[in-house]
Amino acid sequence: MSSPVLQSSREHLLAAEHALKIGNTDQAISELNLLRQLRILHQQGMMIMKLPMAGEMNSTFNSLESHLLAADEKINGYNTRGAIYELNLANDQLYGHQLAMLDIVYPFLNNTRTHLKQSITDTNSGNIQGAISEVKMVNQLLRDHEQGMAMILGMVQPQFNMP
């Protein structure tokens, strides 16, 4: 699964590591700050999409955050090697988080497909009201997903849909 926000995060991790290797701690700190912003957008987007931050998803996310904080502390303590080590661990957790997202996104897609199939069944059986209800469910799922993805990508401010 190729997620733009996760790819962008990986690029900032590598940029922070490169900045440390060439001795530019200000740039490394700037990259870490960008990573924190991406992390917040990612988390808010997942909340909007109603994707649960539980299990492996939550574990990898929290571990990623811990390694970023540790890298920041090591940069401030002028421990470049330690900071690079923490950034590499953060990158590993980012990959783990990406894999855990697959376990969450696939059920979302299956749920959407189930509602679409039920709307077809309802239409074929003459249950127009049931079909309309199912299509409305699909519409809401897609809106939440679209808004959440836009939030993750930093394209919009959060707007919580009221029922």
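One table, with the values for the structure above:
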{"quantity": "Between the stretch 58-109 and the stretch 13-45, the Cα center-to-center distance that results, in Å", "calculated": "12"}
{"quantity": "Helix-derived mean residue ellipticity, 222 nm - over the chain, DSSP H n ≥ 4, -39500 (n - 2.57), to 500", "calculated": "-29500 deg cm²/dmol"}
{"quantity": "Computed E for LYS50/ASP92 - FRET, C-beta separation, R0 25 angstrom, nearest 0.05", "calculated": "0.35"}
{"quantity": "Nearby lysines by direct alpha-carbon distance to LYS136 (threshold 16 angstrom, same-chain neighbours under 8 apart not counted)", "calculated": "LYS117"}
{"quantity": "Neighbour-count ranking [beta-carbon atoms within 10 angstrom, fewest first] of ILE84, ILE22, ILE120, ILE75", "calculated": "ILE22, ILE120, ILE84, ILE75"}
{"quantity": "Within a Gaussian network of the chain (alpha carbon springs, distance under 10 Å), most fluctuating of GLN93, GLN118, GLN129", "calculated": "GLN129"}
{"quantity": "Where the Cα pairs of the stretch 4-152 fall when distances are cut into 10 Å bins, in %", "calculated": "12, 33, 23, 15, 9, 5, 2, 0"}
{"quantity": "Mean projected area (nm²) of the alpha-carbon convex hull when the stretch 53-100 is viewed from all directions", "calculated": "2.7"}
{"quantity": "Virtual spin-label span in nm between ASN76 and GLN37, 7 Å along Cα→Cβ", "calculated": "2.0"}
{"quantity": "Where chymotrypsin sites (Phe, Trp or Tyr not before Pro) in DSSP loops with at most 12 other Cβ within 10 Å are excluded, longest remaining stretch of the chain", "calculated": "79-159"}
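Here, each number is a calculation from the coordinates, and none is a lab measurement. Treat the numbers as computed from the prediction; the structure is a model and nothing was measured. Please note: Cβ atoms are built from the backbone with ideal geometry, for glycine as well, and neighbour counts cover all protein chains shown.
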